[in-house]
Amino acid sequence: KNEVEQSPQNLTAQEGEFITINCSYSVGISALHWLQQHPGGGIVSLFMLSSGKKKHGRLIATINIQEKHSSLHITASHPRDSAVYICAVQPSGTYKYIFGTGTRLKVLA
Amino acid sequence: NAGVTQTPKFQVLKTGQSMTLQCAQDMNHNSMYWYRQDPGMGLRLIYYSASEGTTDKGEVPNGYNVSRLNKREFSLRLESAAPSQTSVYFCASSDVASEKLFFGSGTQLSVL
C-alpha cells in the first residue's frame, strides 16, 4: 500500500462544477503540499498545509491531521484548471517528500 | 528571480553514455532534490541534499551520482546510462522558512 493515496485517479468535469480531490496518507507529517502539473509543463506548488484550511482564489485546501487526510477543492471549475494535481507529504523529522501518483483533471467547456 | 533553473530540457543518450544534469536555484534554499517521474508512478526521490556539502540517497539512487557544488547548485550524473533511466527528471528546492516546493522545468531523457 502506498504511503500517499490520491482519489480519484482521473476526473472529468463540466465547466463550472465544484471539484474535490482527496489525499490520504499513512505517516506522521510536518507538512502537506498540493502541486499542479500542466501537460508537458513544469510543477507548481499551490499550497503548503500543516493544519486547517487555506484559500487562494478558486482553490481551497483543507487538512485533518488526526484523520491523515487532505482535500483540494476547486470552485467554479474552468478548462484552464485541467492538469494533474499531486499531493506530497513531508514525514515528520525529515527533509524528504513522498508523492501521490496524482489526479488527472479534465474540465470540459 | 529565476527560481530553479534546470538544464538540458531534452536529451537522448545511447546505452553506456554519460551525462550530467545541471540545477541551480537563486532563492538561498538549503534543501535541494532530484526526482524522476515515470508514467503511473509518483515522483520518486533519487538523491537529496539538506545543506551545502551534504548529500543523501533517496528511494532510487542506483546508477546516479550527485554533487552539491555550493549552496546554489546540485548536479545529477549518470555515469553509464541504461534504458531503465529513460524518464523525466526534476530538480527541486525548498527551505524550512519557505512554504513552497520549487521545481525546475524538467529534463526529458531518453536512453536508447
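Only bridges with both residues in the protein assembly as shown count here: give the DSSP antiparallel percent, nearest 5. Please list the in-between numbers first.
Values: 71 of 80 bridges.
The antiparallel fraction comes to roughly 90 percent.
Tell me which residues come under 5 Å, amide H to amide H, from residue B:52 once H is placed; ignore anything under 5 positions away on its chain.
Placed amide hydrogens put nothing under 5 Å from residue B:52.
Given Cα pairs under 8 Å that are at least 6 residues apart, what percent is the relative contact order of chain B? Before the final figure, lay out the partial values.
Working: 289 pairs, mean separation 39.9, N = 112.
Normalised by residue count, the contact order of chain B is 36 percent.
What residues have an amide H closer than 5 Å to that of residue B:66, excluding those fewer than 5 places away on the same chain, when H is modeled at 1.01 Å from N in the peptide plane?
Placed amide hydrogens put B:77 under 5 Å from residue B:66.
Relative contact order of chain A, please, whole-number percent, based on alpha carbon pairs below 8 angstrom and at least 6 residues apart. List each step's numbers first, then the result.
Numbers: 272 pairs, mean separation 40.2, N = 109.
37 percent.
Residue-wise, which Karplus ³J(HN,Hα) couplings in Hz belong to the range A:92-109, taking 6.51 cos²θ - 1.76 cosθ + 1.60, θ = phi - 60°, and x for glycine or proline?
Whole-Hz 3J(HN,Hα) from phi for the range A:92-109: 4, x, 10, 9, 8, 10, 10, 9, x, 7, x, 10, 8, 9, 10, 10, 8, 6.
Convert each backbone phi in the range A:56-73 into a coupling constant with the Karplus relation 6.51 cos²θ - 1.76 cosθ + 1.60 (shift: θ = phi - 60°), then list the ³J(HN,Hα) values in order as whole Hz, x for Gly and Pro.
Those phi angles translate into 9, x, 8, 9, 10, 10, 10, 9, 10, 5, 5, 8, 6, 8, 9, 10, 10, 10 Hz.
Distance check, please: which entries in A:53/B:57; B:14/B:100; A:54/A:96 exceed 25 angstrom between their Cα atoms?
Values: A:53/B:57 33 Å; B:14/B:100 36 Å; A:54/A:96 23 Å.
Over 25 Å Cα-Cα: A:53/B:57; B:14/B:100.
Using the crude model of +1 on Lys and Arg Cβ and -1 on Asp and Glu Cβ, and no other charge, please compute the dipole size for chain B relative to its Cα centre, in debye to 20.
Details: 10 positive and 9 negative charges, 50 e Å.
Around 240 debye, computed over chain B.
Using modelled backbone amide H atoms (1.01 Å from N, in-plane), which distant-in-sequence or interchain residues come within less than 5 Å of residue B:58's amide H?
Under 5 Å from the amide H of residue B:58 lie the amide H atoms of B:47, B:48, each far enough along the sequence or on another chain.
Residue by residue through the range B:72-88, what is 3J(HN,Hα) from phi via Karplus (6.51 cos²θ - 1.76 cosθ + 1.60, θ = phi - 60°)? Round to whole Hz and write x for glycine and proline.
Karplus-based 3J(HN,Hα) across the range B:72-88 equals 7, 10, 9, 9, 10, 10, 9, 6, 8, 4, 10, x, 5, 8, 5, 5, 9 Hz.
Readers should treat all values here as calculations from the given coordinates under stated rules, not as data from a laboratory. Everything numeric in this text was worked out from a predicted model, so none of it was measured. We place every Cβ from the backbone using ideal geometry, glycine too, and count neighbours over all the protein chains shown.
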